[in-house]
Structures are given as structure tokens and as C-alpha cells.
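What follows is one structure encoded as C-alpha cells, with my remarks underneath.
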Number of protein chains: 2
Amino acid sequence: MKPFGRVVVCGVGLIGGSFALALKAKGLVREVVGIGRTRASLERARELGVIDTIATEWPEALDGAELVLLAMPVGQMEAVMTAMAPHLGPDTLVTDAGSTKRDVIEAVYTHFKTHLEQIVPAHPIAGAEKSGPDAARADLYAGRKIVLTPLSENRPEAIARVREAWAATGGHLHDMTPQEHDRVFAAVSHLPHLLAFALVHEVSGRANAEQLFGFAAGGFRDFTRIASSHPEMWRDICVANRHALLAELDTYLTELAWIRALLSQADGDSLQKLFGEARDAREAWLAGKFDA
Amino acid sequence: MKPFGRVVVCGVGLIGGSFALALKAKGLVREVVGIGRTRASLERARELGVIDTIATEWPEALDGAELVLLAMPVGQMEAVMTAMAPHLGPDTLVTDAGSTKRDVIEAVYTHFKTHLEQIVPAHPIAGAEKSGPDAARADLYAGRKIVLTPLSENRPEAIARVREAWAATGGHLHDMTPQEHDRVFAAVSHLPHLLAFALVHEVSGRANAEQLFGFAAGGFRDFTRIASSHPEMWRDICVANRHALLAELDTYLTELAWIRALLSQADGDSLQKLFGEARDAREAWLAGKFDA
């Protein structure tokens, strides 16, 4: 595989930083340029060797760039695309790491009308409750799934090259439509995050919050791990994907209404059956039965 | 501390087995007798050295026993108490490890009317998704909280001796009223379990369950870890503590209704504030701010 020349990473936190480190670890990039809104993060990323240079403006960043990765929270996509689009040359490929795809692609069609050939959206499935350049690591994507949602306008060579970059991180590539992507992740990622934030928020607002947290144990800790996720990033995801997420939330509320009825009736048999089915499904999943 | 003589453990799985192993590891017990409904578990426990001998009937088990630990799922308490009560001598102490306390204590008042002095209810806060004698380990309770809910009828020496036994496991003892116990654990343990079971069950019933599980990642795995818990044990807990649990579920549903409204209105600011407050509360908890 031919190494990349100049790669621009916009947003040098966990996601963008780990992409840069993965390419660097394999010697597959000549130069990584970081750009972003927080100077301190950029400087920290350079200090850590996550990026080589800092660009403050898009014309400077894009000069001679082979590939751009947009790795900011999805709520910043519009602003960043607006700023970069006028300076994007025809030979610079663009991909992103946005956790939602329909809204990002909508923004791509708005801002990159004449560049649709070279913009290949993606979403690496590798979150963590940590964020920032210090959390970045070269192996974050190793063995993880990376979803690509290519546009029908994409040049085949653009798709191929972007695939090479993501594959170089050690992730496994999967193609999906943006609609399919957003529905699937609303169910297995966005909803659980929302539920975990909701529980911690609700408990923390109680008069006896101190006592409740004082007796919370390992089950609570793991259940709520994702409630330590980045609030702004999750605001953006929830707002961007709110239609799919509302549908998932309503489905879940229906399930809870049913369980509520079983509890009210003290219907132990049905509860045990439900719990058993859940456990079996989860164990089958852990055993790899559903691996794509 | 004076070692225990004969200790009877009813239910030789994770909870009872770990209690036995902890006492054994410190040389604080002469003999551990196992009793329970599943012969294979008892034999496995003996094979693993978790117990020394197997008793098949209560008169045999209780003969000369200093302490009995009831460590079965709470749904079996009634049946076990009925069987053991006629054979319980005045010098044998009894404690339990039931995850709910009001129902266990109600059963104690029903079945042990003349033995209330010697029965000291407890609940060690140490679950795990594993169960059975193979999951038992001597350090399960080390550093964990152990709640005692003594009865007003208890002899002070009975409480003191039962405290010695639990303290020997390495856990930290806390006294609570049964009502307080059941409300606190409905909030921070029983409800999260119910929510996790509900999510996995709901996803597993979908037409595209395979695809959904195929793209579920680390967040989903941790959020649902407790959905791999023992179905029968959780049926019993949910049914026994259903009044407190319904109250918690309804409070949570109110929180979800509010979040649903924020999502519908695409109110990103309020969502971010809520997520941020949840994250801050969780981080404060992890940092030990709420340690009892």
C-alpha cells in the first residue's frame, strides 16, 4: 500500500488522534496536520506526537493535502464544512468519523456540491468514555468495525483510497446505507447512552443522592459507564439522529410498559422468561453468534 | 476472634460459596456444611473445597451448627425456612444474603417466631453476572459493603457474632432499616438490572436482531452486562421488591418522558446540560465523593 502524503485531521481527540497514530505506527503517512477550535488540544496533540504540525486556517491545512478526516462532534460539521469547502482542491479526499450519517451527508450535499466525487463518509465504531488527545492510541480501531456509507457520486478510486486508510487502522470495513446506519446505531448505541445519562441524572437529583451513590456497586458502574461520555458529542448525536432515536425510545418505553405490568401483577414466571431470554441472547452475542 | 465451629451454607453458589471460602481462607471455620436443592452444585462445591460436607436434610445439617447462612435466591426463603425452623436449636445463629430485606424479614417473623433473637438479616453488596460454585472466591467481599438489618428482637451477642462473620469476609459493615435498604437498592441495583434485561430482550426480538447485535460495541456490552445475571434470582428480587421497584421505574419513566420532550424539540442545550450533570455526578461518585 502506498503511504499517504499529507493527512489533515480536524479534531485531534480520541477519534481523530487515534486515526493519526494508527497511520503513523504503520509508517503510512508522511505528515499529519492538526486543525481544530481548541488551541490547547492541538498543542497537546503535537506534544504527544499525535500530529506533526498545527494549521490555524483551512487554506494552509489543505495545501497539498491528500486526505482530510473530519473527527469533530457532528454538531460542528456544518461550520467546518462551510470554512473548508472554498479551499478544497479536486485531488484531496475527505472522510469523516461522525457518529451519525444522514445529517453529515446532508451537510456534505449542501457544502460540497462540486466535490461529491471525493467525499467518502465513514463511522468507526470505537467510542470510549475518555476523550481528548491524551486518550488517543494507535490500536483504538484494531478489530473494531468501521462503517462506510459511500455516496453514489463517489469516484471508485476515492472510495478505494479511503478504504485503504481506514483498513490501515486495523478495523474491519462494512458498507451500509446512511439510513440503515442511523437506525442500527440509534438502537444499540444512542439509546443506551441516553438511558444511562437519564439514570445517573435522575439519581443525582435526589435528596438522598449521596446515600444512593454510596451503595451503588459494580452493576451500576458498568451500566452507567457510558454516562461518562462527552456531553457535547452526545448532544450532537442525539439531536442529529433524533428521529431514529425517538422511534427507538418509544419501542423501549413499550417494552418497559409491558414489564411494568408484569411487576404490578407479580408475574414472576413471565419476568423469569424475559430475563432468561435476554441472558441467552446476550450470551449468544458474546459468543460471537451475531458477528457480521 | 474465636473461629466458628460448624457453619451451614444453604445455597453454595457465588454468594454462599464465597462466604465459605472467605472464612476458610482465614482459618476461621472448623467445618462448612453445604445444603441445597441441586445435588450437582453441592458435589461440585465439595470438589472445589468450598464446603467440606454435604447435608441432605436439615436435622443433620443443623446438628451442632453455630451459624447458618441462607444464600439461595430470595424466592426460596419461605420453603427453606419452613423446612429448617422445626430443627433450629436456640444456640444456632442465622443470617442471610438475600438481595431484598423486607420480604425476607416478613418470612422470618412468620417461620421463626420463637427464634427472633438469633436471626440477623444481611445483604452483601457483591453481585456478579457469574453464578454457581465455580464462581465463588475468597475475596468476593473484600472491600465491598455489607448491609445488616438487625431485628429489634436480636440478642446483642447474636448481632455481634454475625457481624464478626461478615467482617471476616473483608467487607465493610453498614446498618440500615429494611425499608431503607429496599428503597436504596431498588434505585441503584434492581432498576438498572430491569432496564438492562429490557433492552437486550427488546433488541433480541427484532427482525434484524442479528444486524443490531452485529454492530453493538463496548458501550452496549457494559450497559447490558447485568442482563447476563441469573434470571431466577432476579425474578425473585423483582417480585419481592416490586413496590419499591415500581416506584423507581415510574420515577425513571418520568425522567425519560422529559428527555423525550427535549429530543422532540431538538433542545440541544438542555440535553447537553443534562448529560454534563450526569457525567459530573458519575465522575464525583467514581472519585469517592459519595463513599459511605
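At-a-glance table
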| quantity | calculated |
| --- | --- |
| Inter-copy label distances at B:Arg155 (7 Å, Cα→Cβ; nm, one decimal) | 8.9 |
| Cβ-vector label at 7 Å, B:Pro86, separations to other copies in nm | 9.4 |
| 14 Å beta-carbon shell around A:Arg46, net charge (K/R +1, D/E -1) | -2 |
| Amide H contacts under 5 Å for A:Val68, placed H, 5+ residues apart | A:Val8, A:Leu93, A:Val94, A:Thr95 |
| Relative contact order of the range B:4-176, pairs being alpha-carbon contacts under 8 Å that are 6 or more residues apart, as % | 25 percent |
| Cut-off under 5 Å, modelled amide H: who pairs with B:Ile125 long-range | B:Lys145, B:Ile146, B:Val147 |
| Other copies of B:Leu286: label-to-label distances in nm, shortest first, labels 7 Å along the beta-carbon direction | 2.2 |
| Taking the C-alpha atoms of the range B:180-286, convex hull volume expressed per residue in Å³ | 143 Å³ |
| Principal axis box of the protein assembly as shown, alpha-carbon based, largest edge first, Å | 89, 44, 40 |
| Qualifying lysines (Cα of each under 21 Å from Cα of A:Lys113; at least 8 residues distant if same chain) | A:Lys101 |
| Rounded D (µm²/s) - the range B:127-200, Kirkwood Rh over Cα pairs, Stokes-Einstein at 4 °C, 1.567 mPa s | 90 µm²/s |
| Backbone HN-Hα couplings from phi across the range A:80-88 [Karplus 6.51/-1.76/1.60, Hz, Gly and Pro as x] | 5, 5, 4, 6, 8, 3, x, 10, 7 |
| Straight-distance crosslink candidates among lysines, where the alpha carbon sits under 17 Å from A:Lys26 and sequence neighbours closer than 8 are dropped | A:Lys2 |
| Phi-based couplings in Hz for the range B:189-206 (Karplus 6.51, -1.76, 1.60; Gly and Pro marked x) | 10, 5, 4, x, 4, 4, 5, 5, 4, 4, 5, 5, 4, 5, 5, 5, x, 6 |
| Per-selection metrics, the range B:57-180 (Cα): Rg and Dmax in Å | 13.9, 37 |
| Per-residue mean of C-beta atoms belonging to partner chains within 10 Å, peptide A:253-262 | 5 |
| Eligible lysines near A:Lys289 by straight Cα distance, threshold 17 Å, same-chain separation 8 or greater | A:Lys145 |
| Rounded Å value of the spacing that divides the Cα centres of the range A:174-195 and the range A:76-125 | 20 Å |
| Cβ crowding within 10 Å averaged over residues, with B:155-168, B:94-107 ranked highest first | B:94-107, B:155-168 |
| For B:Ile54, residues with placed amide H under 5 Å, excluding near neighbours | B:Gly34 |
| Kirkwood Rh and Cα Rg combined as Rg over Rh, evaluated for chain A | 1.02 |
| Contact order normalised by residue count of chain A, Cα under 8 Å, 6+ apart, percent | 17 percent |
| Whole-number percent relative contact order across the range A:14-97, with pairs defined as alpha carbons under 8 Å at least 6 apart | 30 percent |
| Using θ = phi - 60° and Karplus 6.51 cos²θ - 1.76 cosθ + 1.60, couplings along the range B:8-22 (whole Hz; Gly, Pro as x) | 9, 10, 9, x, 9, x, 3, 6, x, x, 5, 4, 4, 5, 5 |
| P(r) histogram, all alpha-carbon pairs of the range A:74-137 included - 10 Å bins from 0, percent | 19, 49, 26, 6 |
| For the axis carrying chain A to chain B: nearest C-beta residue of A, whole Å | A:Asp222, 2 |
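Bear in mind that the values in this text are calculations on the coordinates, not laboratory data. All values derive from a computational prediction rather than experimental measurement. So basically every Cβ, Gly included, is an ideal-geometry build from the backbone, and we count neighbours across all protein chains shown.
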